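Following: one structure in C-alpha coordinates, then a few remarks.
The values are calculated or read from the model by the stated rules, or taken from the named source; none is laboratory data. Keep in mind it's a predicted model, so treat the numbers as computed, not measured. Neighbour counts run over all protein chains shown; Cβ positions are idealised from the backbone, glycine included.
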Amino acid sequence: MTHAPTLVLRSRRVFTPDGERPADVILAGDRIAAVSAYGSAAGAPVEDLGELALLPGLVDTHVHVNEPGRTAWEGFTSATRAAAAGGVTTLLDMPLNSIPATVTVEALRAKQEVARGRVYVDVGFWGGAIPGNTADLEPLHRAGVYGFKSFLAPSGVDEFPHVSAAELDEALTEQARIGALAIIHAEAPHVLDAAPQRAGRAYADFLASRPDEAETVAVGQLLETAKRTGARVHVLHVSSADVLPLLDAARADGIAVTAETCPHYLTLIAEGVPEGNTAFKCCPPIRSKDNRDRLWDGIRAGSFAAVVSDHSPCTADLKRLDAGDFALAWGGIASLQLGLPTVWTEARARGFALADVVALMSTGPARLAGLARKGAITPGHDADLVAFDPDAVFTVDATALHHRNPVTPYAGRELTGAIRTTWLAGAPVDVHGSPRGRLLDRTETAT
Ligand SMILES: [Zn+2]
(Lines give C-alpha, C1' and ligand atoms only; values in the text may rest on other atoms or scores of the structure.)
Protein backbone atom coordinates (compact mmCIF):
# COMPACT_ATOMS: atom_id res chain seq x y z
CA MET A 1 0.00 0.00 0.00
CA THR A 2 1.32 3.41 -0.96
CA HIS A 3 0.62 6.22 1.45
CA ALA A 4 0.94 9.31 -0.76
CA PRO A 5 -2.49 10.50 -1.98
CA THR A 6 -3.04 9.68 -5.64
CA LEU A 7 -6.60 10.88 -6.22
CA VAL A 8 -9.31 12.76 -4.32
CA LEU A 9 -12.99 12.07 -5.01
CA ARG A 10 -15.11 14.99 -3.80
CA SER A 11 -18.88 14.70 -3.47
CA ARG A 12 -21.76 16.38 -1.62
CA ARG A 13 -23.10 12.88 -0.98
CA VAL A 14 -20.51 10.40 0.23
CA PHE A 15 -21.98 7.20 1.76
CA THR A 16 -19.80 6.28 4.73
CA PRO A 17 -20.51 3.79 7.51
CA ASP A 18 -21.54 6.78 9.67
CA GLY A 19 -24.06 8.03 7.14
CA GLU A 20 -24.30 10.27 4.13
CA ARG A 21 -22.31 13.51 4.14
CA PRO A 22 -20.26 15.91 2.00
CA ALA A 23 -16.66 14.72 2.04
CA ASP A 24 -13.36 14.27 0.27
CA VAL A 25 -12.38 10.64 -0.19
CA ILE A 26 -8.62 10.42 -0.43
CA LEU A 27 -7.23 7.48 -2.35
CA ALA A 28 -3.65 6.26 -2.08
CA GLY A 29 -2.86 3.67 -4.68
CA ASP A 30 -5.42 0.89 -4.50
CA ARG A 31 -6.77 1.78 -1.03
CA ILE A 32 -8.85 4.44 0.64
CA ALA A 33 -6.44 6.47 2.75
CA ALA A 34 -8.84 8.86 4.47
CA VAL A 35 -12.28 10.43 4.41
CA SER A 36 -11.86 14.11 5.23
CA ALA A 37 -13.88 17.30 5.38
CA TYR A 38 -15.43 18.44 2.13
CA GLY A 39 -13.06 20.69 0.19
CA SER A 40 -10.12 20.13 2.54
CA ALA A 41 -7.95 17.68 0.56
CA ALA A 42 -4.78 18.83 -1.17
CA GLY A 43 -1.72 17.23 -2.69
CA ALA A 44 -3.43 15.06 -5.29
CA PRO A 45 -5.70 15.61 -8.30
CA VAL A 46 -9.30 16.28 -7.27
CA GLU A 47 -12.24 14.88 -9.16
CA ASP A 48 -15.30 16.89 -8.16
CA LEU A 49 -18.43 14.77 -8.49
CA GLY A 50 -20.77 17.56 -7.45
CA GLU A 51 -24.14 16.16 -6.42
CA LEU A 52 -23.45 12.63 -7.68
CA ALA A 53 -23.63 10.08 -4.88
CA LEU A 54 -20.35 8.32 -4.10
CA LEU A 55 -21.02 4.77 -2.98
CA PRO A 56 -18.80 1.85 -2.01
CA GLY A 57 -18.61 -0.51 -4.99
CA LEU A 58 -21.36 -3.08 -4.99
CA VAL A 59 -20.56 -6.64 -3.93
CA ASP A 60 -22.53 -9.30 -5.77
CA THR A 61 -22.03 -12.65 -4.09
CA HIS A 62 -24.36 -14.55 -6.43
CA VAL A 63 -23.22 -14.61 -10.06
CA HIS A 64 -23.11 -17.54 -12.48
CA VAL A 65 -20.25 -16.75 -14.85
CA ASN A 66 -20.47 -20.19 -16.56
CA GLU A 67 -16.89 -20.26 -17.87
CA PRO A 68 -15.24 -22.60 -18.73
CA GLY A 69 -17.65 -25.03 -20.29
CA ARG A 70 -20.71 -22.90 -20.98
CA THR A 71 -18.99 -19.77 -22.13
CA ALA A 72 -21.69 -19.19 -24.75
CA TRP A 73 -24.00 -18.41 -21.82
CA GLU A 74 -21.67 -15.81 -20.26
CA GLY A 75 -17.96 -15.55 -19.49
CA PHE A 76 -15.48 -13.77 -17.26
CA THR A 77 -14.86 -10.92 -19.68
CA SER A 78 -18.49 -10.19 -20.51
CA ALA A 79 -19.74 -10.74 -16.95
CA THR A 80 -17.16 -8.48 -15.37
CA ARG A 81 -17.71 -5.75 -17.97
CA ALA A 82 -21.42 -5.88 -17.13
CA ALA A 83 -20.58 -5.83 -13.43
CA ALA A 84 -18.39 -2.74 -13.75
CA ALA A 85 -21.01 -0.96 -15.84
CA GLY A 86 -23.54 -1.80 -13.13
CA GLY A 87 -21.40 -0.49 -10.27
CA VAL A 88 -20.40 -3.96 -9.05
CA THR A 89 -16.70 -4.03 -8.14
CA THR A 90 -16.59 -7.48 -6.53
CA LEU A 91 -18.39 -10.60 -7.60
CA LEU A 92 -18.34 -14.13 -6.30
CA ASP A 93 -18.79 -16.80 -8.91
CA MET A 94 -21.13 -19.72 -8.27
CA PRO A 95 -19.68 -23.26 -8.53
CA LEU A 96 -22.07 -24.21 -11.36
CA ASN A 97 -22.94 -23.94 -14.45
CA SER A 98 -19.34 -23.96 -15.56
CA ILE A 99 -17.75 -27.25 -16.60
CA PRO A 100 -16.06 -28.38 -14.48
CA ALA A 101 -18.20 -27.40 -11.50
CA THR A 102 -16.08 -26.01 -8.66
CA VAL A 103 -16.17 -29.14 -6.50
CA THR A 104 -12.45 -29.98 -6.33
CA VAL A 105 -9.27 -27.91 -5.96
CA GLU A 106 -8.34 -28.93 -9.50
CA ALA A 107 -11.62 -27.49 -10.84
CA LEU A 108 -11.04 -24.27 -8.87
CA ARG A 109 -7.60 -23.95 -10.45
CA ALA A 110 -9.12 -24.51 -13.91
CA LYS A 111 -11.53 -21.64 -13.33
CA GLN A 112 -8.87 -19.34 -11.94
CA GLU A 113 -6.72 -20.14 -14.96
CA VAL A 114 -9.34 -18.96 -17.46
CA ALA A 115 -10.30 -15.93 -15.36
CA ARG A 116 -6.79 -14.66 -14.71
CA GLY A 117 -5.99 -11.47 -16.60
CA ARG A 118 -9.49 -11.28 -18.09
CA VAL A 119 -11.62 -9.74 -15.35
CA TYR A 120 -12.62 -6.08 -15.08
CA VAL A 121 -13.65 -6.32 -11.42
CA ASP A 122 -12.44 -8.42 -8.49
CA VAL A 123 -13.66 -12.01 -8.60
CA GLY A 124 -13.78 -14.68 -5.91
CA PHE A 125 -15.19 -18.19 -6.02
CA TRP A 126 -17.68 -20.34 -4.14
CA GLY A 127 -17.12 -24.06 -3.99
CA GLY A 128 -19.79 -26.72 -4.29
CA ALA A 129 -20.80 -29.43 -1.80
CA ILE A 130 -22.32 -32.31 -3.75
CA PRO A 131 -22.82 -36.02 -3.03
CA GLY A 132 -19.42 -37.68 -2.69
CA ASN A 133 -17.09 -34.68 -2.39
CA THR A 134 -17.02 -34.19 1.39
CA ALA A 135 -13.29 -34.96 1.44
CA ASP A 136 -12.71 -32.13 -1.04
CA LEU A 137 -14.29 -29.42 1.12
CA GLU A 138 -11.42 -28.73 3.47
CA PRO A 139 -8.77 -28.55 0.70
CA LEU A 140 -11.06 -26.27 -1.32
CA HIS A 141 -11.64 -24.03 1.68
CA ARG A 142 -7.89 -23.82 2.27
CA ALA A 143 -7.47 -23.03 -1.43
CA GLY A 144 -9.56 -19.91 -0.95
CA VAL A 145 -13.23 -20.51 -1.78
CA TYR A 146 -15.67 -18.45 0.30
CA GLY A 147 -17.97 -21.31 1.26
CA PHE A 148 -19.98 -24.08 -0.34
CA LYS A 149 -23.17 -24.16 -2.30
CA SER A 150 -25.53 -27.11 -2.16
CA PHE A 151 -28.87 -27.74 -3.83
CA LEU A 152 -31.69 -29.51 -2.02
CA ALA A 153 -33.51 -30.03 -5.34
CA PRO A 154 -32.18 -30.75 -8.87
CA SER A 155 -29.93 -27.92 -10.00
CA GLY A 156 -30.70 -28.10 -13.71
CA VAL A 157 -27.27 -29.42 -14.71
CA ASP A 158 -26.13 -33.04 -14.44
CA GLU A 159 -22.64 -32.32 -13.14
CA PHE A 160 -23.99 -30.63 -10.00
CA PRO A 161 -26.33 -33.13 -8.31
CA HIS A 162 -28.43 -32.16 -5.31
CA VAL A 163 -27.93 -33.55 -1.82
CA SER A 164 -30.31 -35.84 0.06
CA ALA A 165 -31.18 -35.14 3.69
CA ALA A 166 -28.39 -37.51 4.80
CA GLU A 167 -25.88 -35.92 2.42
CA LEU A 168 -26.82 -32.44 3.63
CA ASP A 169 -26.20 -33.60 7.17
CA GLU A 170 -22.78 -34.92 6.16
CA ALA A 171 -21.85 -31.74 4.27
CA LEU A 172 -22.94 -29.43 7.09
CA THR A 173 -21.18 -31.52 9.70
CA GLU A 174 -17.93 -31.14 7.76
CA GLN A 175 -18.50 -27.42 7.15
CA ALA A 176 -19.16 -26.83 10.83
CA ARG A 177 -15.87 -28.58 11.55
CA ILE A 178 -13.82 -26.49 9.11
CA GLY A 179 -15.70 -23.24 9.81
CA ALA A 180 -17.12 -22.79 6.32
CA LEU A 181 -20.27 -20.95 5.28
CA ALA A 182 -22.89 -23.20 3.67
CA ILE A 183 -25.02 -21.47 1.04
CA ILE A 184 -28.13 -23.36 0.08
CA HIS A 185 -30.62 -23.46 -2.77
CA ALA A 186 -33.66 -24.41 -0.72
CA GLU A 187 -36.52 -26.04 -2.60
CA ALA A 188 -37.85 -29.44 -1.53
CA PRO A 189 -37.81 -32.00 -4.35
CA HIS A 190 -40.75 -34.03 -3.07
CA VAL A 191 -42.92 -30.92 -2.95
CA LEU A 192 -41.89 -30.01 -6.49
CA ASP A 193 -42.61 -33.57 -7.65
CA ALA A 194 -46.10 -33.46 -6.15
CA ALA A 195 -46.96 -30.08 -7.71
CA PRO A 196 -48.92 -29.89 -10.98
CA GLN A 197 -46.58 -29.85 -13.98
CA ARG A 198 -48.28 -28.19 -16.92
CA ALA A 199 -46.26 -27.03 -19.91
CA GLY A 200 -47.13 -24.00 -21.97
CA ARG A 201 -47.10 -20.23 -22.30
CA ALA A 202 -49.12 -19.42 -19.15
CA TYR A 203 -46.91 -18.15 -16.31
CA ALA A 204 -49.53 -19.20 -13.73
CA ASP A 205 -48.95 -22.84 -14.67
CA PHE A 206 -45.21 -22.53 -14.15
CA LEU A 207 -45.75 -20.76 -10.83
CA ALA A 208 -48.06 -23.56 -9.67
CA SER A 209 -45.24 -26.05 -10.36
CA ARG A 210 -42.92 -24.32 -7.81
CA PRO A 211 -45.19 -23.59 -4.81
CA ASP A 212 -44.23 -21.57 -1.71
CA GLU A 213 -44.31 -24.79 0.23
CA ALA A 214 -41.27 -26.08 -1.71
CA GLU A 215 -39.26 -23.27 -0.11
CA THR A 216 -40.73 -23.42 3.38
CA VAL A 217 -40.31 -27.20 3.64
CA ALA A 218 -36.72 -27.05 2.40
CA VAL A 219 -35.81 -24.16 4.69
CA GLY A 220 -37.35 -26.02 7.60
CA GLN A 221 -35.19 -29.05 6.83
CA LEU A 222 -32.11 -26.87 6.43
CA LEU A 223 -32.65 -25.08 9.75
CA GLU A 224 -33.16 -28.33 11.57
CA THR A 225 -29.90 -29.68 10.08
CA ALA A 226 -28.05 -26.45 10.87
CA LYS A 227 -29.19 -26.66 14.46
CA ARG A 228 -28.07 -30.26 14.80
CA THR A 229 -24.67 -29.75 13.13
CA GLY A 230 -23.88 -26.21 14.29
CA ALA A 231 -23.08 -25.13 10.73
CA ARG A 232 -23.42 -21.52 9.65
CA VAL A 233 -25.99 -21.46 6.82
CA HIS A 234 -27.18 -18.91 4.28
CA VAL A 235 -30.44 -19.27 2.36
CA LEU A 236 -29.94 -18.22 -1.26
CA HIS A 237 -32.51 -16.30 -3.31
CA VAL A 238 -35.51 -16.33 -0.99
CA SER A 239 -38.54 -15.92 -3.24
CA SER A 240 -41.40 -16.86 -0.91
CA ALA A 241 -42.06 -14.42 1.92
CA ASP A 242 -43.50 -17.38 3.83
CA VAL A 243 -39.87 -18.25 4.61
CA LEU A 244 -39.36 -15.11 6.71
CA PRO A 245 -41.11 -16.23 9.92
CA LEU A 246 -39.05 -19.45 9.83
CA LEU A 247 -35.82 -17.45 9.65
CA ASP A 248 -36.90 -15.16 12.48
CA ALA A 249 -37.79 -18.11 14.69
CA ALA A 250 -34.50 -19.85 13.91
CA ARG A 251 -32.47 -16.78 14.82
CA ALA A 252 -34.40 -16.46 18.06
CA ASP A 253 -33.43 -20.09 18.65
CA GLY A 254 -29.73 -19.25 18.22
CA ILE A 255 -29.24 -20.81 14.77
CA ALA A 256 -26.61 -19.03 12.67
CA VAL A 257 -28.69 -18.34 9.55
CA THR A 258 -28.69 -15.47 7.07
CA ALA A 259 -30.70 -14.98 3.90
CA GLU A 260 -30.67 -13.07 0.66
CA THR A 261 -33.23 -12.10 -1.91
CA CYS A 262 -32.78 -10.78 -5.45
CA PRO A 263 -33.74 -7.78 -7.55
CA HIS A 264 -36.29 -9.77 -9.56
CA TYR A 265 -38.23 -10.91 -6.50
CA LEU A 266 -38.31 -7.35 -5.18
CA THR A 267 -39.32 -5.70 -8.45
CA LEU A 268 -41.23 -8.14 -10.70
CA ILE A 269 -44.57 -9.84 -10.06
CA ALA A 270 -46.30 -12.94 -11.43
CA GLU A 271 -49.31 -10.86 -12.48
CA GLY A 272 -47.02 -8.80 -14.71
CA VAL A 273 -45.25 -11.61 -16.57
CA PRO A 274 -46.30 -11.49 -20.23
CA GLU A 275 -47.61 -14.73 -21.70
CA GLY A 276 -44.79 -16.77 -23.13
CA ASN A 277 -42.03 -14.41 -21.97
CA THR A 278 -39.56 -16.92 -20.58
CA ALA A 279 -36.98 -14.21 -19.80
CA PHE A 280 -38.93 -14.08 -16.51
CA LYS A 281 -38.37 -17.76 -15.68
CA CYS A 282 -36.19 -18.51 -12.68
CA CYS A 283 -36.21 -20.98 -9.78
CA PRO A 284 -37.57 -20.33 -7.26
CA PRO A 285 -40.07 -18.30 -9.27
CA ILE A 286 -41.23 -14.71 -9.26
CA ARG A 287 -44.39 -14.77 -7.16
CA SER A 288 -47.45 -12.57 -6.52
CA LYS A 289 -47.67 -8.84 -5.93
CA ASP A 290 -48.71 -9.53 -2.35
CA ASN A 291 -45.64 -11.72 -1.86
CA ARG A 292 -43.41 -8.96 -3.23
CA ASP A 293 -44.86 -6.51 -0.70
CA ARG A 294 -44.14 -8.94 2.11
CA LEU A 295 -40.54 -9.38 0.93
CA TRP A 296 -40.16 -5.60 1.26
CA ASP A 297 -41.62 -5.87 4.77
CA GLY A 298 -38.79 -8.33 5.39
CA ILE A 299 -36.27 -5.85 4.03
CA ARG A 300 -37.66 -3.21 6.36
CA ALA A 301 -37.48 -5.59 9.32
CA GLY A 302 -33.84 -6.43 8.61
CA SER A 303 -34.50 -10.05 7.72
CA PHE A 304 -32.13 -10.04 4.74
CA ALA A 305 -28.36 -9.80 4.91
CA ALA A 306 -28.02 -9.06 1.20
CA VAL A 307 -29.71 -8.35 -2.09
CA VAL A 308 -27.72 -9.97 -4.90
CA SER A 309 -28.40 -10.63 -8.55
CA ASP A 310 -28.40 -14.42 -9.02
CA HIS A 311 -27.35 -13.46 -12.54
CA SER A 312 -27.88 -16.74 -14.37
CA PRO A 313 -27.98 -16.23 -18.12
CA CYS A 314 -28.05 -18.71 -20.97
CA THR A 315 -28.18 -18.49 -24.74
CA ALA A 316 -31.34 -17.09 -26.31
CA ASP A 317 -32.24 -20.45 -27.88
CA LEU A 318 -32.22 -22.18 -24.47
CA LYS A 319 -34.71 -19.57 -23.25
CA ARG A 320 -37.02 -20.91 -25.99
CA LEU A 321 -38.43 -17.46 -26.56
CA ASP A 322 -39.82 -18.69 -29.90
CA ALA A 323 -42.07 -21.29 -28.29
CA GLY A 324 -42.51 -19.33 -25.09
CA ASP A 325 -42.95 -22.54 -23.14
CA PHE A 326 -42.09 -22.00 -19.48
CA ALA A 327 -41.57 -25.72 -18.91
CA LEU A 328 -38.95 -26.03 -21.67
CA ALA A 329 -37.02 -22.81 -21.07
CA TRP A 330 -33.83 -22.60 -18.99
CA GLY A 331 -34.55 -21.06 -15.60
CA GLY A 332 -32.38 -18.07 -14.80
CA ILE A 333 -32.53 -14.30 -14.95
CA ALA A 334 -29.85 -12.05 -16.39
CA SER A 335 -29.56 -8.81 -14.44
CA LEU A 336 -25.95 -8.27 -13.33
CA GLN A 337 -25.65 -4.83 -14.91
CA LEU A 338 -29.09 -3.70 -13.69
CA GLY A 339 -29.22 -4.66 -10.02
CA LEU A 340 -28.67 -1.23 -8.55
CA PRO A 341 -31.15 0.74 -10.71
CA THR A 342 -33.84 -1.94 -10.49
CA VAL A 343 -33.66 -2.16 -6.70
CA TRP A 344 -33.24 1.60 -6.24
CA THR A 345 -36.25 2.37 -8.45
CA GLU A 346 -38.49 0.17 -6.33
CA ALA A 347 -36.88 1.03 -2.99
CA ARG A 348 -37.24 4.75 -3.53
CA ALA A 349 -40.89 4.42 -4.48
CA ARG A 350 -41.39 2.59 -1.17
CA GLY A 351 -39.71 5.30 0.91
CA PHE A 352 -36.30 3.71 1.44
CA ALA A 353 -33.12 5.78 1.43
CA LEU A 354 -30.17 5.16 -0.85
CA ALA A 355 -28.18 4.22 2.26
CA ASP A 356 -30.55 1.28 2.78
CA VAL A 357 -29.75 0.02 -0.71
CA VAL A 358 -26.00 0.42 -0.12
CA ALA A 359 -26.33 -1.62 3.06
CA LEU A 360 -28.05 -4.45 1.20
CA MET A 361 -26.03 -4.47 -2.01
CA SER A 362 -22.52 -3.59 -0.81
CA THR A 363 -21.90 -3.67 2.94
CA GLY A 364 -24.18 -6.65 3.63
CA PRO A 365 -22.86 -9.05 0.99
CA ALA A 366 -19.25 -8.11 1.84
CA ARG A 367 -19.88 -8.99 5.46
CA LEU A 368 -21.70 -12.18 4.51
CA ALA A 369 -18.73 -13.51 2.54
CA GLY A 370 -16.09 -12.15 4.95
CA LEU A 371 -14.67 -9.69 2.40
CA ALA A 372 -13.01 -7.54 5.02
CA ARG A 373 -11.76 -4.73 2.73
CA LYS A 374 -14.95 -4.41 0.64
CA GLY A 375 -18.32 -2.80 1.09
CA ALA A 376 -17.55 0.47 2.85
CA ILE A 377 -15.97 3.85 2.22
CA THR A 378 -13.59 3.81 5.12
CA PRO A 379 -9.79 4.12 5.54
CA GLY A 380 -7.89 0.94 4.75
CA HIS A 381 -10.59 -0.49 2.48
CA ASP A 382 -9.99 -1.14 -1.19
CA ALA A 383 -10.62 1.96 -3.30
CA ASP A 384 -13.61 0.42 -5.08
CA LEU A 385 -16.22 3.13 -5.59
CA VAL A 386 -19.19 4.16 -7.69
CA ALA A 387 -20.46 7.57 -8.77
CA PHE A 388 -24.22 7.20 -8.98
CA ASP A 389 -26.89 9.60 -10.20
CA PRO A 390 -29.97 8.61 -8.19
CA ASP A 391 -32.31 10.79 -10.24
CA ALA A 392 -31.38 9.87 -13.81
CA VAL A 393 -34.09 8.01 -15.70
CA PHE A 394 -33.37 5.60 -18.53
CA THR A 395 -35.03 2.83 -20.51
CA VAL A 396 -33.33 -0.58 -20.57
CA ASP A 397 -32.03 -1.55 -24.00
CA ALA A 398 -31.07 -5.21 -23.66
CA THR A 399 -28.83 -5.10 -26.73
CA ALA A 400 -26.75 -2.33 -25.14
CA LEU A 401 -25.92 -4.38 -22.02
CA HIS A 402 -22.53 -6.04 -21.69
CA HIS A 403 -24.18 -9.39 -20.89
CA ARG A 404 -23.21 -11.90 -23.58
CA ASN A 405 -26.85 -12.66 -24.39
CA PRO A 406 -29.31 -9.78 -24.74
CA VAL A 407 -32.15 -11.51 -22.86
CA THR A 408 -33.45 -9.88 -19.70
CA PRO A 409 -36.91 -9.41 -18.21
CA TYR A 410 -36.08 -5.74 -17.69
CA ALA A 411 -35.91 -4.99 -21.43
CA GLY A 412 -37.94 -1.87 -22.17
CA ARG A 413 -38.45 -0.96 -18.50
CA GLU A 414 -37.94 2.58 -17.33
CA LEU A 415 -35.56 2.68 -14.37
CA THR A 416 -34.25 5.39 -12.10
CA GLY A 417 -30.57 5.65 -11.19
CA ALA A 418 -27.52 5.62 -13.44
CA ILE A 419 -23.96 4.51 -12.78
CA ARG A 420 -21.60 7.25 -14.00
CA THR A 421 -18.14 5.96 -13.07
CA THR A 422 -16.85 2.82 -11.37
CA TRP A 423 -13.43 2.86 -9.71
CA LEU A 424 -11.57 -0.36 -9.00
CA ALA A 425 -8.45 -0.30 -6.84
CA GLY A 426 -8.18 3.46 -7.12
CA ALA A 427 -8.65 3.95 -10.86
CA PRO A 428 -11.70 4.17 -13.15
CA VAL A 429 -12.68 0.96 -14.89
CA ASP A 430 -12.49 1.20 -18.67
CA VAL A 431 -14.43 -1.78 -20.00
CA HIS A 432 -12.68 -1.45 -23.35
CA GLY A 433 -9.21 -1.09 -21.83
CA SER A 434 -7.12 -3.77 -20.22
CA PRO A 435 -8.70 -5.70 -17.37
CA ARG A 436 -7.36 -4.88 -13.88
CA GLY A 437 -9.55 -7.08 -11.72
CA ARG A 438 -7.92 -9.39 -9.20
CA LEU A 439 -8.77 -12.95 -8.26
CA LEU A 440 -9.74 -13.04 -4.61
CA ASP A 441 -8.79 -15.69 -2.12
CA ARG A 442 -10.72 -16.07 1.15
CA THR A 443 -7.55 -16.84 3.07
CA GLU A 444 -6.07 -13.49 2.03
CA THR A 445 -9.13 -11.25 2.26
CA ALA A 446 -10.50 -12.49 5.57
CA THR A 447 -9.67 -10.59 8.73
ZN1 LIG B 1 -28.00 -18.98 -8.63
Given THR216, THR173, which one is touching an Asp or Glu at 6+ places or on another chain (Cβ under 6 Å) and more than 16 Å from the ligand (Cβ to nearest atom)?
THR216
All but one of (1) touching a residue at least 60 places away in the same chain (Cβ under 8 Å); (2) under 23 Å from THR363 (Cβ atoms); (3) within 16 Å of the ligand (Cβ to nearest atom); (4) not hydrophobic (A, V, I, L, M, F, W, C) hold for SER312, so report the exception by its number.
(2)
Test for ILE299: is it away from the ligand (no atom under 16 Å from the Cβ), buried (at least 16 other Cβ atoms within 10 Å of the Cβ) and closer than 19 Å to LEU172 by Cα
no
What is the number of the single condition among (1) surrounded by 22 or more Cβ atoms within 10 Å (Cβ to Cβ); (2) free of Cβ contacts under 8 Å to residues at least 12 places away in the same chain that GLY147 does not meet?
(2)
Looking only at segment 244-266, and only at residues there that are crowded, with 23+ Cβ neighbours inside 10 Å and hydroxyl-bearing (Ser, Thr, Tyr), the one that is nearest to THR216 (Cα to Cα)
THR261
Enumeration of residues in segment 17-75 that are in contact with a strand residue (DSSP E or B) (Cβ under 8 Å, 6 or more places away or on another chain), of a type in the set (Ser, Thr, Tyr) and more than 16 Å from the ligand (Cβ to nearest atom)
SER36, TYR38, SER40
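Listed here are the residues, each with its yes/no results for (1) in contact with a helix residue (DSSP H, G or I) (Cβ under 6 Å, 6 or more places away or on another chain); (2) surrounded by fewer than 24 Cβ atoms within 10 Å (Cβ to Cβ).
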| position | (1), (2) |
| --- | --- |
| ALA316 | no, yes |
| TRP330 | yes, yes |
| ALA334 | no, no |
| GLN337 | yes, no |
| LEU340 | no, no |
| ALA349 | no, yes |
| GLY380 | no, yes |
In this structure, is ALA327 in the same structural domain as LEU244 (by TED's automatic domain parsing) and in contact with a Leu (Cβ under 9 Å, 6 or more places away or on another chain)?
no
